[in-house]
Amino acid sequence: MLRSRRDNSSSPSGIIGGSNDDNRQGVCKLASKDRMRKVLAALLATYAFCVAGLCIWDGLKIPSPPRSNLRYEARGLRVNIVARDDVLDRAGIQRGDIIVATDGIPLRNSLDLPDRFHAIRPGSRITFTVERDGEVLELGTSTWPNLGPREAFEILLPLLIVFGLGVGVFAARPLQRGSFLFLLFCLSVVLNIAATATLPTGTGWALRVISFSYTILSLPSAALLLHLFTLFPAELPFQRRLRSLLPLAYGICFALGLHYYLPGWFPILRRMPFEAGLTRFLLLLFGFNVLACDTLIAVNLALIARRARQHRVQQQAKLLFAALLITLLARLVTQELPVWLGARPLLDVFSQTMVGLVFPIAIAISIVVQRLFDINILVRHGLVYSLASGVMAVVFIAVMGGLGWILRSSAPRTDAVALAVAAAVAAVAFHPLRIWSQHAVDRYIYRRRYDYRKEITAISTRLAGILDPEAAAAFLRSRIGSLLDPSWMLISSRRPTECAFVLLDTSPGTRPLLCAGEEAKRFESLLSSTALPFQPDPANYPLERVPELVVPATRGDAVLGALLLGARRSDVPYMGEDTDFLGTLGNLMATVFERGHLLEERSLGERLALVGSATSALIHELKNPLAAIKSTAAVLRRRLREDERGQELTHIVEDEADRLLETVIGILSYVRPSECRMEPVNLEDLLGQIARVVEVEFSSHDVEIRLECTLEKAVVIGDSERLRQLFLNLLLNAREASGSHGEIHVRLDPWMGSAGELRGVEVTLQDSGSGFAPDSISRVFEPFFTTKKLGTGLGLANVKRIVEEHSGEVLASNAAEGGALVTVRLPSAPRNPALEEDGDHAETRPNPDRR
């Protein structure tokens with residue numbers, strides 16, 4: 001049954017042009033988003049830098065303010081924690097006291113104390129009126145400058161470190177996931193550190209800005225850190241679930257910040273009856289929020305260290321987890337536990353801040369370097385050079401001293417001459433010794449590079465005598481495994497006739513498919529971007545298993561294969577000499593693959609020539625016997641008119657004789673194709689005619705053909721008989737694959753070029769069968785390859801031959817909803833090779849556009 005539907009609602013330019021516009025709009029939106037993020041990062045960094053400068057400038061003018069933990073109540077400021085060497089500590093104020101007045105002036109709100117410290121000069125005396133156990137005490141002390149050289153250094157050092165970490169990481173990796181969030185985290189910490197230079201509250205305009213930055217922008221640092229680790233260093237299902245908690249974490253931080261900031265503008269909020277209880281509740285909730293964020297980050301890193309696919313990511317997560325654990329334990333032992341026991345913190349503010357920088361530094365290194373082992377290697381090599389230089393200096397001094405002593409003993413009155421002679425002899429003797437020691441150190445540090453030179457010579461000599469790519473892959477696997485000891489390794493080769501990559505050195509006689517279709521296209525594009533070994537980005541890597549290192553095997557612009565290596569079992573990264581060695585092996589592999597492809601083409605040509613000559617002789621010998629068989633069967637059918645079984649058998653004999661002759665002629669037409677007669681052909685009419693011819697046979701199997709055309713005129717330049725043979729072959733294959741009660745969908749669309757120009761017609765045929773087998777999809781167009789018991793393996797190979805004769809493309813893949821999908825693209829005009837210098841050549845490969 002044939003159903004034809006014509007869709008004229010969209011023109012070719014509308015169908016394809018809209019898609020290109022969407023792609024361009026998507027790229028523009030992405031670029032615009034990146035620019036906006038960079039502008040926003042610059043504005044935020046500038047704002048944080050200006051606020052930090054404002055804090056330092058304000059802190060230089062005032063006396064050292066109270067840095068103890070205070071909370072305003074109805075009667076005054078209650079002292080929760082007394083900081084060591086604080087102005088309250090020197091005045092003798094204790095934990096639990098309530099400060100009701102300063103210099104005899106009552107404290108009416110929480111902003112009075114900061115304003116009074118901003119009103120006095122350093123060196124002035126201040127008196128605190130304090131309530132303690134029902135008694136009123138007058139406790140006074142002299143003030144001192146808030147920021148001296150030491151205090152300024154203790155604030156500026158961690159501030160500049162954190163600011164440099166955030167800005168430097170974002171500048172080095174602006175597109176790296178998490179770099180913008182890390183910048184926000186660092187700026188939040190910068191504002192927190194800068195606020196310690198002054199009293200971050202008050203009624204002046206500068207204090208309003210500082211207060212806003214401290215209460216609103218510096219508190220969400222724990223939530224920002226949790227947000228960062230939902231994206232970095234890897235994304236797991238647990239991280240995606242964590243993102244649902246981010247609004248709650250940010251909300252708690254901003255709620256506490258607003259609770260502290262708004263009463264500065266609206267003092268009436270401080271006189272609300274439930275204000276004290278709300279403060280305690282928000283502080284308790286904020287403390288729980290910080291603890292929960294730290295815990296979730298630790299759990300997240302532990303899961304990544306255990307479940308991440310990449311070995312490098314696992315190592316990153318382990319080191320970050322260790323840095324977080326060190327930071328949390330140090331804070332617990334030196335700050336939280338002593339305060340909970342009612343004692344003072346064991347470390348001052350500067351020491352606590354420097355200990356807290358361990359984790360941000362580890363994060364910065366992970367984002368930028370992504371190989372935390374490089375620092376260890378650099379330090380180790382530096383120590384070796386330093387030690388060798390020290391030894392040579394000692395030898396030089398000893399030689400000079402010894403020669404000088406010998407000359408002075410033999411001639412005591414010639415001290416100057418002895419010194420000059422000793423220096424000359426030592427310099428002459430020291431030069432070859434220095435050269436020898438330098439070479440010895442280089443051989444120790446770069447001994448692998450020396451070994452690699454010898455190994456490359458041996459490998460290239462051995463590969464020169466290997467013609468089989470499988471044997472070459474097995475040899476390379478053994479050599480690379482013994483030298484680098486990777487956790488896993490794959491050697492793949494690109495098929496010469498289609499965009500598909502197969503694995504070598506696996507089971508004997510088989511070449512499993514690594515990737516095909518869209519994956520193969522993206523993988524080939526990735527390999528062609530560079531000829532040097534590289535570390536792939538997991539977010540942009542097309543294959544499921546992400547290697548630690550990819551080594552392309554290319555020859556010019558052609559991609560011939562690749563070597564994929566997992567992380568090394570020794571937890572040591574691939575160094576520069578390793579990648580240089582592997583890059584050389586990639587070039588050697590390319591030579592082997594290219595030679596193998598040439599031998600395969602030569603072997604196929606010889607086979608086709610042999611089959612052609614044998615088929616010609618076979619047709620000549622079969623014509624007369626087959627004609628006799630058919631005539632005899634016809635005579636028998638006339639004599640057996642009353643015998644139904646005899647009639648059936650004679651029909652079978654005639655049909656099988658015809659099938660045998662058609663098979664042999666089909667083989668001959670493939671190996672010796674006839675010349676095409678090019679003329680305009682309407683594919684919609686041609687396909688309609690073919691569908692009507694096979695309609696009876698297809699209806700007997702309950703298979704329906706649905707023909708759909710989105711073009712007003714689907715005309716191409718081609719040989720109508722050859723094209724009829726092409727599409728008839730595809731329809732018959734689709735009918736066999738669909739089985740009973742199946743459906744074949746044929747659609748005609750415009751074929752657009754890479755620049756958006758109309759090139760011809762694209763015909764897609766989709767059946768309702770099981771689709772191509774994964775291990776055979778890359779070989780469906782190979783001559784003599786078949787999965788049928790009685791097939792010749794030349795059906796789809798002949799389809800490919802006809803398409804190539806028409807300067808078109810044929811693609812094979814499996815549809816997402818099931819069934820095989822074959823796409824034939826035919827030009828509407830003869831192709832001009834001069835216009836194809838951009839490399840957009842016709843290529844037969846699995847369909848990358850319809851997976």
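Taking the conditions exactly as written (under 24 Å from L285 (Cβ atoms), hydrophobic (A, V, I, L, M, F, W, C) and assigned to a helix (DSSP H, G or I)), does L248 satisfy them or not?
Answer is yes for this residue.
Taking the options T215, T203, name whichever one is within 25 Å of T353 (Cα to Cα) and of a type in the set (S, T, Y).
So the residue among T215, T203 that is within 25 Å of T353 (Cα to Cα) and of a type in the set (S, T, Y) is T215.
Here are L564, L585: which of them is surrounded by 14 or more Cβ atoms within 10 Å (Cβ to Cβ), within 18 Å of L504 (Cβ to Cβ), in contact with a helix residue (DSSP H, G or I) (Cβ under 7 Å, 6 or more places away or on another chain) and modelled with pLDDT of 75 or more?
L585
Within the range 359-384, how many residues are open to solvent by less than 60 Å² (accessible area, probe 1.4 Å) and either assigned to a helix (DSSP H, G or I) or at pLDDT 80 or above (or both)?
14
Looking only at residues that are farther than 13 Å from D702 by Cα and open to solvent by 50 Å² or more (accessible area, probe 1.4 Å) in the range 723-736, which one is modelled with the lowest pLDDT?
This residue is Q725.
Restricting attention to the range 642-653, and to residues there that are modelled with pLDDT of 75 or more and not β-branched (V, I, T), which single residue is most open to solvent (accessible area, probe 1.4 Å)?
E644
What are the pairs with Cβ atoms under 6 angstrom where one residue, in the range 330-357, is over 26 Å from F182 (Cα atoms) and the other, located anywhere, is in a helix (DSSP H, G or I) and open to solvent by 40 Å² or more (accessible area, probe 1.4 Å)? Sequence gap at least six, or different chains.
P345/Q335
Pull up the range 51-80, narrow it to residues that are in a strand (DSSP E or B) and surrounded by 17 or more Cβ atoms within 10 Å (Cβ to Cβ), then point me to the one that is nearest to the chain's Cα centre (by Cα).
My answer is L70.
Check whether at least one residue in the range 214-231 is of a type in the set (G, A, S), open to solvent by less than 10 Å² (accessible area, probe 1.4 Å) and at pLDDT below 90, and report yes or no.
Yes, that holds for at least one residue.
Suppose we keep only residues that are of a type in the set (S, T, N, Q) and surrounded by fewer than 20 Cβ atoms within 10 Å (Cβ to Cβ) within the range 448-495. Which one would you say is farthest from the chain's Cα centre (by Cα)?
Out of the qualifying residues, it is T461.
Scan the range 171-228 for residues that are outside any helix (DSSP H, G or I), in contact with a Phe, Trp or Tyr (Cβ under 6 Å, 6 or more places away or on another chain) and small (G, A, S) and report the count.
Count: 1.
Could you list, in sequence order, the residues of the range 81-98 that are more than 14 Å from L199 (Cβ to Cβ) and either under 52 Å from the mean Cα position of the chain (by Cα) or open to solvent by less than 50 Å² (accessible area, probe 1.4 Å) (or both)?
I81, V82, R84, D85, D89, A91, G92, I93, G96, D97, I98
For the range 276-298, how many residues meet the condition of being without any contact (Cβ under 8 Å) to a residue 24 or more places away in the chain and either of a type in the set (S, T, Y) or over 30 Å from Y261 (Cβ atoms) (or both)?
Of the residues in the range 276-298, 1 are without any contact (Cβ under 8 Å) to a residue 24 or more places away in the chain and either of a type in the set (S, T, Y) or over 30 Å from Y261 (Cβ atoms) (or both).
Kindly indicate the residue of the range 675-688 that is out of contact with any strand residue (DSSP E or B) (no Cβ under 8 Å at 6 or more places or on another chain) and touching a residue at least 12 places away in the same chain (Cβ under 8 Å) and also surrounded by the most Cβ atoms within 10 Å (Cβ to Cβ) among those meeting that condition.
L686
List the residue pairs whose Cβ atoms are under 7 Å apart, where the first residue sits in the range 233-251 and is without any contact (Cβ under 8 Å) to a residue 40 or more places away in the chain, the second is in a helix (DSSP H, G or I) and not aliphatic (A, V, I, L, M), and the two are 6 or more positions apart or on different chains.
Every condition considered, the pairs that remain are L246/H227.
Sort out which residues of the range 34-50 are open to solvent by 60 Å² or more (accessible area, probe 1.4 Å) and more than 17 Å from G178 (Cβ to Cβ), and write them in order of number.
Answer for the range 34-50, where residues must be open to solvent by 60 Å² or more (accessible area, probe 1.4 Å) and more than 17 Å from G178 (Cβ to Cβ): R35, M36, V39, L43, T46, Y47, F49, C50.
Answer with yes or no whether E135 is open to solvent by 40 Å² or more (accessible area, probe 1.4 Å), charged (D, E, K, R) and without any contact (Cβ under 8 Å) to a residue 24 or more places away in the chain.
The answer is yes for E135.
Could you list, ordered by first residue, the pairs with Cβ atoms under 7 Å in which the first is in the range 743-760 and in contact (Cβ under 8 Å) with a residue 24 or more places away in the chain and over 14 Å from T823 (Cβ atoms) and the second is assigned to a loop (DSSP other than H, G, I, E, B) and hydroxyl-bearing (S, T, Y), at least 6 apart or interchain?
The qualifying pairs are E743/S768.
The values are calculated or read from the model by the stated rules, or taken from the named source; none is laboratory data. Predicted, not measured: the structure shown is a model, and the values here were computed from it. Every residue, glycine among them, receives a Cβ derived from its backbone with ideal geometry; neighbour counts consider all protein chains shown. The area values use the complete protein model at the heavy-atom level, side chains included, leaving out ligands, DNA and RNA. Shrake-Rupley method; radii C 1.70, N 1.55, O 1.52, S 1.80 Å.
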